[in-house]
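What follows is a short report on a single structure.
Since every read-out is calculated from the coordinates, none of them should be taken as a lab result. Predicted, not measured: the structure shown is a model, and the values here were computed from it. Neighbour counts are summed over all protein chains in view; Cβ atoms, including those assigned to glycine, are modelled from backbone coordinates with ideal geometry.
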Number of protein chains: 2
Amino acid sequence: MLHPLHFVISERLRDRILSGTYQPGDQIPSEHQVMAEFEVSRITARRAIANLAQQGLVTVQRGKGAFVATQQKVVYSLSSPLLSEAEMARQGVEVTVENLQYESVTMPAEVQKILGGAIAYLQKKILLFNGIPSCVDVTYVQPDLGKVYARELRRALTFSVLEKHGISIQKVDAVIECTQADYETSEQLEVPLGHPLIVNRHTAYSQERGAIVHGESISRGDRFCYSVRIERGGSRE
Amino acid sequence: MLHPLHFVISERLRDRILSGTYQPGDQIPSEHQVMAEFEVSRITARRAIANLAQQGLVTVQRGKGAFVATQQKVVYSLSSPLLSEAEMARQGVEVTVENLQYESVTMPAEVQKILGGAIAYLQKKILLFNGIPSCVDVTYVQPDLGKVYARELRRALTFSVLEKHGISIQKVDAVIECTQADYETSEQLEVPLGHPLIVNRHTAYSQERGAIVHGESISRGDRFCYSVRIERGGSRE
DNA sequence: TAGTGGTCTAGACCACGGT
DNA sequence: CCGTGGTCTAGACCACTAG
């Protein structure tokens, strides 16, 4: 047997999706129908459909069925305008912030090296885009800033608040990576365990103060992406 | 039942991994052992272990067992030095290129809009890092460049070749996103179906010629990440 | 040969969604 | 109510890895 049965079946279904036999939003055959059409047991039929879900081609809904995915990714621009309400509004996305945690803590050792000192404000929030939980943001903020702007930071995007008060971000170091949802994140973003996530681990610096913010933003990988424009001055580093 | 059995078990095993009971590289209990310890059927034990694999916590090897993952990600710098052999060497990574396809083709409509014209050289290659297939690169190159440097482009990184010949990249637009492996990619990168991938869809511009290269680099999401440094001139766009 | 994971079957019960 | 997907069982055969 060259390929397992469940795989052969999922490829057949995949072809129908890509060729448009099943349009985005359409329901694909139920487990029962797959069992009948390909003459396999339910476990094999389930497995075939699970393969499609794992490739992000369909989303399954208990009690209803499996439906062809239909998605347009929202773009985070990493260049000039850092993630802001205005930038998201331009893409037709309304941002609301749900605060999970906001308190003064002693930072883990890695973060102490970056921000300096031992104490910082730790904020955890969930960003809802058009009401949909889309991003988990965990950020450490320098203690003086975290204290002064506490009320606003709880309710809005970190960089928007800082820039509004004249604290301009001069440089940002960012690492973009992808991971898979663990239990906590899968609950927060309402995705299955292991769902692909796109993570932006960032440190922001201001001219006068040095590193002022360090944190990570975790978003659904199937709905978001980052764009960057790199201009080269002709010089080589 | 608050949580399914397979989930409860995978969380128990997960705790042991995170707490260090099972060290990176260690073998975790076999399906048979999980069946005995938690008194469940094999399918449930398998499912529990599959949950861990899906979170990237373990890798399973047929005939051997499941082992705690141990990974350090390689960093692609998106800033000044574009992906180059020299930059990778600095991280202790030796790059070799396996050419899959190199030929003159008519571009799909979206790509025609970017590069202009109708014809380009299409190159597909697999990049091996220290001998491990790590990145699938699909790139369209302006026809005159693709023709002149054909031999070299087959065997080295695109940007290295161009810069070596004095064609300097002046600007790059990039979008970083994550996807899940389909069958073709899973074969090429030797990962399971649905494995998380990190994709860099990029367009490079030279001063004189405008857009000269457009393509995407698809890498294993568990082994690679992108870093960017954003400097702001103080101006607002 | 013994142990491991990979695939598959038949059959059961539960929970959710719409009629 | 029926159809959907979610979980679970017991048992079978195959393929790979090791000693």
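Miscellaneous remarks
- Applying Stokes-Einstein at 20 °C and 1.002 mPa s to the Kirkwood radius of the stretch A:74-227, computed over alpha-carbon pairs, gives a translational diffusion coefficient of 136 µm² s⁻¹.
- Unsatisfied cross-links (Cα-Cα over 26 Å) in the set A:LYS73/B:LYS147; A:LYS171/B:LYS73; B:LYS73/B:LYS113: A:LYS73/B:LYS147; B:LYS73/B:LYS113
- Under the convention that each Lys and Arg Cβ holds +1 and each Asp and Glu Cβ holds -1, the size of the dipole of the protein assembly as shown around its Cα centre is about 140 debye.
- Peptide A:216-229, shielding by other chains (average Cβ, 10 Å cutoff): 4
- In the assembly of identical copies, A:GLN112 has its label point, taken 7 Å from Cα in the direction of the beta carbon, separated from the corresponding points by 6.1 nm (ascending, one decimal).
- Rounded to the nearest 500, the 222 nm mean residue ellipticity of chain B from helices alone is -8000 deg cm²/dmol, with -39,500 (n - 2.57) taken per DSSP H run of at least 4 residues.
- Once the mean of 1/r is taken over each pair of separate Cα atoms and inverted, the stretch B:37-116 shows a Kirkwood hydrodynamic radius of 18.0 Å.
- Peptide ranges A:9-19, A:189-199 listed from the most packed, as the mean C-beta count within 10 angstrom indicates: A:189-199, A:9-19
- Placing +1 on each Lys and Arg Cβ and -1 on each Asp and Glu Cβ, with no other charges, gives chain B a dipole about its Cα centre of roughly 160 debye.
- Here is how far apart the B:VAL93 label points are across copies: 2.7 nm, shortest first, using a point 7 Å from Cα toward Cβ.
- Of the residues B:GLY92, B:GLN207, B:SER104, the one whose Cα sits farthest toward the positive end of the charge dipole of the stretch B:74-227, with +1 on the Cβ of Lys and Arg and -1 on the Cβ of Asp and Glu, is B:GLN207.
- Under 11 Å, Cβ to Cβ, from B:SER206 - net charge with Lys/Arg +1 and Asp/Glu -1: +1
- For B:THR59, inter-copy label distances in nm, listed shortest first [label point 7 Å out on the Cα-Cβ vector]: 3.2
- A convex hull fitted around the alpha carbon atoms of the protein assembly as shown yields 179 Å³ per residue.
- Its Cα centre serving as origin, the stretch A:5-68 has a Cβ charge dipole (Lys and Arg +1, Asp and Glu -1) of approximately 220 debye.
- Label-point separation, B:GLN23 to A:ALA36 (7 Å along Cα→Cβ), nm: 5.7 nm
- Separation of the stretch A:58-123 from the stretch B:181-206 is 24 Å, based on Cα centroids.
- Using the alpha carbons alone, the radius of gyration of the stretch A:5-68 stands to its Kirkwood radius in an Rg to Rh ratio of 0.92.
- Cross-link partners of B:LYS124 among aspartates and glutamates, defined as those whose alpha carbon lies under 17 angstrom from its own and excluding same-chain residues fewer than eight positions apart: B:GLU98, B:GLU103, B:ASP137, B:GLU152, B:ASP182, B:GLU184, B:GLU187, B:GLU190, B:GLU216.
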